[in-house]
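**Q** So that we are looking at the same thing, I have put the structure below in structure tokens.
What follows draws every value from the coordinates through simple rules; no lab data is involved. All values derive from a computational prediction rather than experimental measurement.
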Amino acid sequence: MKLNIGLLRGDGIGPEIVDSAVKVLEAVGEKKGIEFKFTPYLIGGAAIDATGKPLPEETVKGCLASDSVLLGAVGGPKWDTLPGGIRPEKALLGIRSAMELFTNLRPAKLYPALKGDCPLREDIVEAGFDILIVRELTGGIYFGDRGMREGKYGEEAYDTECYSRFEIERIAKVAFEAAAKRNKRVVSIDKANVLDTSRLWRKVVHEIAADYPDIECTDMLVDNAAMQLVRNPGQFDVIVTTNMFGDILSDEASQITGSIGMLPSASLGTTSRGLYEPIHGSAPDIAGQNIANPIATILSAAMMLKYSFDLNSESDMITDAVDKVLEAGYRTADLAHGGPHLTTDEVTAKIINALRGEKI
Ligand code: IPM
Ligand code: MN
């Protein structure tokens, strides 16, 4: 089997963590007879520096011609003062949209080995949690009409949220299908007490829910959801929500797992080609120091094997190896609380040893 993977290393710690995931994929390939061909493309600040554009045409073409794409992170202080249209983050939205990846799966579960890293009360930690956030990714306020204008008080800026029935239907279906394979509960999160988009969201989600009688569907307002995630995260199975609420709530969910450095994501559309990336950012403060946690990106590569290529046992090899390394007590700096910790390269090597069945 031969697979062409586009690599978007991006900025900050992006190149380090993507290279770690590449090494892990190569080790899986070696063991299972899969030939990975990795082709790098420029994105974000690195692309701005080289070409003047955050998302060069060649990158879009390359990603669309790949079997799947692995991304690190984009952005950094160097490009923070550029106008919105040519900021690195714009490239991320651009590539998600160009690849038509309307679904973003963000699993957040508490690893038994990381229970001590969860900032929540002991009884909540003991109860545990395993949540799948289904975030809508190509609509809402991220993609609505925006701009600057003169208003009642002079200069003003605006961003608008818009959701069509079609966009809500297709993301709701993804959530119900996912719940069917899990604990059969969907919580749809909105702000229907204020927003028209949320009122349509809620109505359409319930219409879709009617096609899934075995799945429990409830609504929750986003402010309450932010509270419930720390009060009782074990109540959630699948969460489905809008682009911006999903962005915010997934960072919150990541913190209760111990570190944002642990959470992978899969962005999917209607084909098997996806975009896989950690949910964290480019962490420019620690870039180039070989101390970043590569696990979120390594787990994103595991999600790629599963969701793009149906390589389930190969995907499990990676997740099992990560489990073993964590259980053996190895930690990167983000999880070491000032104690001894491994470098990015060292923890990657441990994960590769584990998946080869060698001594960790
Ligand atoms: C994420 C990031 C991005 C987002 C930014 C960098 C545009 O925060 O993937 O969660 O908001 O989607
Ligand atoms: Mn985010």
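**Q** From the phi angles alone, apply the Karplus equation (6.51, -1.76, 1.60; θ = phi - 60°) to the stretch 292-301 and give each ³J(HN,Hα) in whole Hz, x where the residue is Gly or Pro.
**A** Values, residue by residue: 5, 7, x, 5, 4, 6, 5, 5, 5, 5 Hz.
**Q** Quick one: which residues, 5 or more positions from SER188 or on another chain, have an amide H under 5 Å from its amide H? H modelled 1.01 Å from N in the peptide plane, none for Pro or chain starts.
**A** THR218, ASP219, MET220, VAL240
**Q** Using only helices, what value at 222 nm comes out for the chain when you add -39,500 (n - 2.57) per DSSP H run of length 4 or more and divide by the total residues, to the nearest 500 deg cm²/dmol?
**A** Rounded to the nearest 500, it is -12500 deg cm²/dmol.
**Q** Label the stretch 47-165 by shape, choosing from rounded, prolate and oblate, from the square roots a ≥ b ≥ c of the eigenvalues of the Cα gyration tensor; if a/c is under 1.5 it is rounded, and otherwise prolate applies when a/b is larger than b/c, oblate when it is not.
**A** It is prolate, given that a/c is not under 1.5 and a/b is the larger ratio.
**Q** What is the antiparallel percent of DSSP beta bridges lying wholly in the chain, to the nearest 5?
**A** 40 percent
**Q** If you don't mind, there's one more thing I want to ask. Within the set LYS32/LYS359; LYS109/LYS184; LYS31/LYS109, which residue pairs have Cα atoms separated by over 23 Å?
**A** LYS31/LYS109
**Q** Related question: Which whole-number percent gives the relative contact order of the chain, counting Cα pairs below 8 Å spaced six or more residues apart?
**A** 22 percent
**Q** What number does the chain give for Rg over Rh if you use C-alpha atoms and the Kirkwood radius?
**A** Reported Rg/Rh (Cα atoms, Kirkwood Rh): 0.96.
**Q** Taking LYS78 as the anchor, which lysines have their alpha carbon closer than 30 Å to its alpha carbon, excluding any fewer than eight residues away along the same chain?
**A** Hits, sequence-local ones excluded: LYS23, LYS53, LYS61, LYS90.
**Q** Right, another one. Shape of the stretch 108-257 from its Cα gyration tensor (a ≥ b ≥ c, root eigenvalues): rounded if a/c is under 1.5, otherwise prolate when a/b > b/c, or oblate?
**A** oblate
**Q** For a quick check: with amide H placed at 1.01 Å from N, whose amide H comes under 5 Å from THR39's, ignoring anything fewer than 5 positions away on the same chain?
**A** Amide H neighbours of THR39: ILE5, GLY6, LEU7.
**Q** Hey, what do the phi angles of the stretch 62-68 turn into as Karplus ³J(HN,Hα) couplings, whole Hz, using 6.51/-1.76/1.60 and θ = phi - 60°, x for Gly and Pro?
**A** Couplings: x, 5, 5, 8, 7, 6, 6 Hz.
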